[in-house]
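Engineer: Please read through the structure below; I'll follow up with questions.
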Amino acid sequence: MLRLSPPDGLRLSQAHTFDAVYGGSEANVAVSLAQLGLKSAYLTRVPDNGLGRAALGAVARYGVNTDKCVLGGERMGVYFIEFGAGRRGTTVLYDRQNSAMATLSSGMIDWRSALENAPWLHWSGITPALSQSAADATLEALKMAKSLNIRVSCDLNYRDKLWKYGKTPDQVMPQLLQYTDVMLGDATAFELYFGIREPNDAALLKSVLAAFSQMTHVAMTNRQGHSASHNTYKGILYDAQNIYTSQTYDLPNMLDRIGGGDAFMAGLIFGLHPANTDLQEVIEFAVAAAALKHYIKGDYNLSSVEEVRALMAGNTGGRVSR
């Protein structure tokens with residue numbers, strides 16, 4: 001997607017120029033994984049024009065392989081973000097109707113070729129929210145991944161403004177998640193997608209994992225918003241045996257929270273692949289990666305393993321590294 005935002009905290013009605021950034025949930029995860037040292041490839045559909053090629057270039061410049069991406073469709077999906085400040089919240093306006101990804105359908109991508117030799121596939125609930133045809137293509141990809149014994153993860157990424165084609169998440173997502181091994185969500189998504197409510201995070205994760213017998217791990221993030229620029233953030237991970245809760249990070253004076261959940265997801269994948277038996281370390285790494293993203297402008301988390309581990313070790317960022 002192309003992200004456009006007014007500079008300097010202006011409102012959309014005040015803007016004469018926009019800062020342009022390319023990103024999107026799966027792209028953000030792919031870039032973050034590449035910064036963490038993993039071989040990463042991104043698969044999407046973009047229009048065969050200058051914007052489409054620029055979007056692929058924006059991902060590739062950070063070490064992500066885009067060779068399997070396909071060209072087609074009439075336009076690039078766009079979203080406008082008006083960053084909040086203090087007590088004025090951040091708002092997002094989507095312009096994705098008839099975009100290349102919204103018109104993706106079954107048969108457009110050779111999934112066997114695209115997924116060949118891949119150990120892990122990550123997908124986001126945003127793609128099936130765009131259209132029925134995009135949901136069908138996602139199902140096609142997931143079935144192929146399972147036939148190839150590829151581990152699969154999903155970030156539910158509920159976006160109320162995107163589910164506009166006549167289906168609701170609870171009608172679409174449960175079938176797709178039957179092919180998923182690792183899932184990330186939050187209390188809102190778990191209730192809307194599965195009708196599951198519980199009095200606390202631990203009980204919630206246990207109920208969610210019980211609903212999907214093939215899943216190995218389910219995680220959630222818990223964000224408390226004190227203002228548009230000050231949040232606290234933590235993560236919880238469950239593996240059907242134990243609950244692992246991270247430390248809580250205080251995040252004042254945030255620069256850009258977009259992509260924070262994707263940074264968390266990338267940290268989770270990094271920790272679980274290859275298998276890591278220290279799940280407390282896994283959840284701490286994922287949350288620290290997400291915390292750093294809040295202080296990097298743009299969609300991508302450009303933090304290294306060393307930077308994440310330094311934060312985990314208590315480095316507050318107050319000293320200059322010379």
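Any read-out appearing in this document is the output of simple, stated calculations on the displayed coordinates, not a laboratory observation. None of the values given here were measured: they were computed from a predicted structure. Using ideal geometry, Cβ is built from the backbone for each residue, glycine included, and neighbour counts are taken over all protein chains shown.
Engineer: Equivalent-ellipsoid semi-axes (√(5λ), Cα gyration tensor) for the stretch 232-322, whole Å, largest first?
Structural biologist: Working: eigenvalues 96, 38, 32 Å².
Its equivalent ellipsoid spans semi-axes of 22, 14, 13 Å.
Engineer: Turning to a different aspect of this structure: Would you list F264, F270, F80 from fewest to most Cβ contacts within 10 Å?
Structural biologist: If I rank by nearby Cβ atoms, fewest first, I get F80, F270, F264.
Engineer: Roughly how many debye, to the nearest 20, is the charge dipole of the stretch 199-322 about its Cα centre, given +1 on each Lys and Arg Cβ, -1 on each Asp and Glu Cβ, and no other charges? Let's see the in-between values first.
Structural biologist: Values: 9 positive and 11 negative charges, 57 e Å.
My answer is approximately 280 debye.
Engineer: For a test of the definition: using alpha carbon positions, the gyration tensor, and the 1.5 limit on a/c, classify the stretch 27-89 as rounded, prolate or oblate.
Structural biologist: Oblate.
Engineer: Under a crude label model (7 Å from the Cα following the beta-carbon direction), how far is Q214 from I296 in nanometres?
Structural biologist: Simple spin-label model gives 3.2 nm for this pair.
Engineer: Just need log10 I(q)/I(0) for the stretch 1-62 at q = 0.19, 0.28 Å⁻¹, Debye formula, equal scatterers on the alpha-carbon atoms, no solvent, rounded to two decimals.
Structural biologist: Evaluating at q = 0.19, 0.28 Å⁻¹ gives log10 I(q)/I(0) of -0.77, -1.11.
Engineer: Right, here's the next one. Given the stretch 263-305, report the % of alpha carbon pairs whose separation exceeds 15 Å.
Structural biologist: When every Cα pair of the stretch 263-305 is considered, 35 percent fall beyond 15 Å.
Engineer: With a 10 Å Cβ neighbour count serving as the proxy for reagent exposure, in which order, fewest first, do K167, K293 appear?
Structural biologist: K167, K293
Engineer: Moving to a separate point now. Can you tell me the FRET efficiency between M108 and K161 if r is taken as the Cβ-Cβ distance and R0 is 22 Å, rounded to the nearest 0.05?
Structural biologist: 0.30
Engineer: Starting from the Cα-Cα distance between K206 and N253, subtract it from 0.36 nm times their residue separation and give me the gain in nm to one decimal.
Structural biologist: 13.5 nm
Engineer: Percentage of Cα-Cα pair distances in the stretch 1-139 greater than 20 Å, rounded to whole percent? Can you show the working numbers first?
Structural biologist: Details: 4824 of 9591 pairs.
Above the 20 Å cut-off, the stretch 1-139 has 50 percent of its Cα pairs.
Engineer: Pull out the extension gain between E74 and H226, defined as 0.36 nm times the separation in residues minus the alpha carbon to alpha carbon distance; nm, one decimal.
Structural biologist: 50.6 nm
Engineer: Taking just the alpha-carbon atoms of the stretch 76-166, what radius of gyration and Dmax come out, in angstrom?
Structural biologist: Considering the stretch 76-166 through its Cα atoms, Rg and Dmax are 15.6, 49 Å.
Engineer: Using the Kirkwood formula over every pair of different C-alpha atoms, what hydrodynamic radius in Å results for the chain?
Structural biologist: Final number for the Kirkwood radius of the chain is 20.0 Å.
Engineer: Which length gain, in nm to one decimal place, applies between A20 and N276 when the Cα-Cα distance is subtracted from 0.36 nm times their residue separation?
Structural biologist: Gain in length upon complete extension: 88.4 nm.
Engineer: Can you give the helix-only mean residue ellipticity at 222 nm for the chain, where every DSSP H stretch with n ≥ 4 adds -39500 (n - 2.57) and the sum goes over all residues, rounded to the nearest 500 deg cm²/dmol?
Structural biologist: Working: 11 runs with 111 residues, N = 322.
That calculation yields -10000 deg cm²/dmol at 222 nm.
Engineer: Here is a further query. Considering the dipole of the stretch 1-88 built from charges on the beta carbon (Lys and Arg +1, Asp and Glu -1) around the Cα centre, which of A20, I81, P47 is farthest to its positive end?
Structural biologist: It is I81, whose Cα lies furthest towards the positive end.
Engineer: Now a separate question. Relative contact order for the chain: what percent, with Cα pairs under 8 Å and sequence separation of 6 or more?
Structural biologist: Normalised by residue count, the contact order of the chain is 15 percent.
Engineer: Treating only the Cβ of Lys, Arg, Asp and Glu as charged (+1, +1, -1, -1), what charge dipole size does the chain show about its Cα centre? Round to the nearest 20 debye.
Structural biologist: Working: 29 positive and 30 negative charges, 97 e Å.
For the chain, the charge dipole is close to 460 debye.
Engineer: While we're looking at this one, here's another question. Output ³J(HN,Hα) for the stretch 273-281: one whole-Hz value per residue in order, computed from phi by the Karplus curve 6.51 cos²θ - 1.76 cosθ + 1.60 with θ = phi - 60°, and x for Gly and Pro.
Structural biologist: 10, x, 3, 10, 7, 8, 6, 5, 5
Engineer: In the stretch 143-302, with Lys and Arg counted as +1 and Asp and Glu as -1 at Cβ, which of these residues, P199, W163, G298, has the Cα nearest the positive end of the dipole, that is, farthest along it?
Structural biologist: Value computed over the given set: W163.
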